[in-house]
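The block underneath contains the structure these notes are about, expressed in structure tokens.
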């Protein structure tokens, strides 16, 4: 039997790779006007669709689904193999060091909470307030130094230098995003890592938004820890990972207490004596998400063979998107850095405000009247989003975010820009009202799919 993550990378003589296909590319959704149109999913930064190869691989695995690590049955041995092979696939995907631990988690949030629980006593943490909440909120206490939103990449490097110099004696950790989930701008990770090294600090990289768009090398960037999520990486089955140096993880109490984390349990009087595992299983208590982990490994293996095609696909669409959005009257793109941005310095995410229009209203109308899915709000990065909006001078606290991915087409991008221009210049064709703080069509006649029949409208 050959399972998907056993497939070797493409050779140098292979045909040029194509962009991987995604599940749902042909999805048609209802409009409030009674029509059905192809769905334009422009919300990849929140959750990306499943790759077809991932779906097929999961279908292949499901008949073999069984326990891992502790089962003598053949199906258990198969699942143990694919689970551990996925660990090695992920290690190769991010070019981790041979001795780095690969701990499977639920997502990036889970991974950073695990790392926060594993910090040695007295660790100082330096973090930008531009971070997604997954990387911003796990760090607590007086030794946490939060840096305000930098205006340039050089300013980001200088600010980290000053913050690390001001830290108390003891271990130090710098936390930085690879690419902003608000603007898509890529941080100067290698330069920040060099500053961290000068101060004897470690660096943790939030790669949730970077990993689906760029080849990553932990060795070349010189980062100590990396966190990512499968649901951003076209493997939406509830798995993520923390990859990095094993010593802090090995010395920390298990993230969760339970089976798998424990090596031996004995009575010691009225108490229990526990010997905990020292490897990745120390922090993977309970029956693991074997299907999710396998899906993550398959997605990583597929993307690793197709980076050139992925990058070219995104470059073309991203340039087209920015040109189109610039034609929307009253629109302003949010930017972190004022220094010149080359195409390589931004992944396919753009956030904007449109003077005089609430982002939630625009998002509702784009969905209801045009079949376009975008995100509105502060994107679980409230400090960053609101600070960047304030720079524009537009009186708003939320923004509209458009994010591209493998499921995006030229038609999707052009439909969005046409629809936005139409809403701004000509208004909506339907009425909308606020319900529980969200803008929704009023009324909303769109039927739910048959498997949800009888539950009313999605709003």
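The values are calculated or read from the model by the stated rules, or taken from the named source; none is laboratory data. Keep in mind that this is a model prediction, so the values were computed, not measured. Cβ sites come from the backbone with ideal geometry, for glycine too, and all protein chains shown count toward neighbours.
Remarks
- If you go through the stretch 173-212 and keep only what is part of a strand (DSSP E or B), more than 15 Å from the chain's Cα centre (by Cα) and surrounded by fewer than 24 Cβ atoms within 10 Å (Cβ to Cβ), you end up with just 202.
- Set 83, 65: member being farther than 30 Å from residue 222 by Cα and touching a residue at least 12 places away in the same chain (Cβ under 8 Å): 65
- Residues in the stretch 270-312 that are assigned to a helix (DSSP H, G or I) and over 23 Å from the mean Cα position of the chain (by Cα): 281, 282.
- Within the stretch 332-360, the set of residues being crowded, with 20+ Cβ neighbours inside 10 Å and assigned to a helix (DSSP H, G or I) comprises just one member, 359.
- The number of residues in the stretch 216-231 being in contact with a helix residue (DSSP H, G or I) (Cβ under 7 Å, 6 or more places away or on another chain) and within 24 Å of residue 47 (Cβ to Cβ) comes to 6.
- Per-region count, the stretch 149-168, residues surrounded by fewer than 16 Cβ atoms within 10 Å (Cβ to Cβ) and in contact (Cβ under 8 Å) with a residue 40 or more places away in the chain: 4
- When each of 299, 342, 381 is tested for being closer than 30 Å to residue 159 by Cα and touching a helix residue (DSSP H, G or I) at 6+ places or on another chain (Cβ under 7 Å), the lone residue that passes is 381.
- Residues located in the stretch 256-269, provided they are farther than 18 Å from residue 243 by Cα and either at pLDDT 95 or above or in a loop (DSSP other than H, G, I, E, B) (or both): 257, 258, 260, 269
- The C-beta contact set for the stretch 195-209 (first residue over 15 Å from residue 115 (Cα atoms), second residue assigned to a loop (DSSP other than H, G, I, E, B) and at pLDDT 95 or above, distance under 6 angstrom, 6+ apart or interchain) comprises 209/181.
- Count - residues of the stretch 243-255 that are in contact (Cβ under 8 Å) with a residue 60 or more places away in the chain and part of a loop (DSSP other than H, G, I, E, B): 4
- Scanning the stretch 368-377 for residues that are part of a helix (DSSP H, G or I) and surrounded by 23 or more Cβ atoms within 10 Å (Cβ to Cβ) gives a single hit, 368.
- Residues of the stretch 418-436 that turn out to be under 14 Å from residue 330 (Cβ atoms) and under 29 Å from the mean Cα position of the chain (by Cα), as a count: 1
- Within the stretch 69-104, tally of residues that are buried (at least 21 other Cβ atoms within 10 Å of the Cβ) and over 25 Å from residue 251 (Cβ atoms): 5
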